[in-house]
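Below is one structure, written out as structure tokens, with a few remarks after it.
The values are calculated or read from the model by the stated rules, or taken from the named source; none is laboratory data. The shown structure was predicted, so the numbers you read here are calculated from the model rather than taken from an experiment. With ideal geometry, Cβ positions are generated from the backbone for all residues, glycine too; neighbour counts draw on all protein chains shown.
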């Protein structure tokens, strides 16, 4: 399978054909969302990461909104990632992650001496794992309670974006009407998968995820994040290569 290519574009640069393609892809995996609702959500964003196949057909995307929220005498900066989807035949590729990290790092460079955060909401375990598996500092997490300072940032972002729907006690966003939920059979969670502590934690914190309830989360962008991400990617690649070579080499019993 050929690797996708990608680009980060301003939302205003999207044409009607690209918007239609994005909605068509999104509606393959999510239900209870209209074209009008999808367009309204997209219009609130600043940038879009687009993923293309060899024919330059859109096979994935993620939307981005920059955030600056003042609470008391503190200014919190970060970005919010909204609708995100990748065609199933391209699951496992890391193009989206690399492009997102590039954009996140570029924003960190603009404010090098201040904390910079990624705010996301998760109605599926894959989104939660994308954060938990790649960001050393992320919340909520099973390993530890969320520190007060990080909770303040999370609350500030969530209350700004979802003032009537965010519940601080549970960390859940319940809108009363779905903003799109996974179709049945897309990214299901089996009982065996709950043995993964991060997936189990996600289900524990967001028990109504099937109906589109969102779990509010944040992760901190640090200067070491690109190195952390790169080492993990290199390790995964070497493991895959090692596995293929092991399968090709004769076993000791056959020598």
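Observations on the structure shown:
- Residue that is modelled with the highest pLDDT, among those in the stretch 188-220 that are assigned to a loop (DSSP other than H, G, I, E, B) and surrounded by 16 or more Cβ atoms within 10 Å (Cβ to Cβ): 206
- Checked against (1) at pLDDT below 90; (2) in contact with a strand residue (DSSP E or B) (Cβ under 6 Å, 6 or more places away or on another chain), residue 71 passes all but a single condition, namely (2).
- Qualifying position, being modelled with pLDDT under 90 and part of a loop (DSSP other than H, G, I, E, B), among 185, 169: 185
- Residue ID - farthest from residue 7 (Cα to Cα), chosen from residues in the stretch 46-55 that are surrounded by fewer than 20 Cβ atoms within 10 Å (Cβ to Cβ) and in contact with a strand residue (DSSP E or B) (Cβ under 8 Å, 6 or more places away or on another chain): 46
- Extreme residue, nearest to the chain's Cα centre (by Cα), among residues of the stretch 131-154 that are buried (at least 18 other Cβ atoms within 10 Å of the Cβ) and not in a loop (DSSP other than H, G, I, E, B): 131
- Those residues of the stretch 23-39 which are free of Cβ contacts under 8 Å to residues at least 40 places away in the same chain and part of a helix (DSSP H, G or I), in sequence order: 23, 24, 27, 35, 36, 39
- Just one residue in the set 101, 75 is surrounded by 13 or more Cβ atoms within 10 Å (Cβ to Cβ) and either in a strand (DSSP E or B) or touching a residue at least 24 places away in the same chain (Cβ under 8 Å) (or both); that residue is 101.
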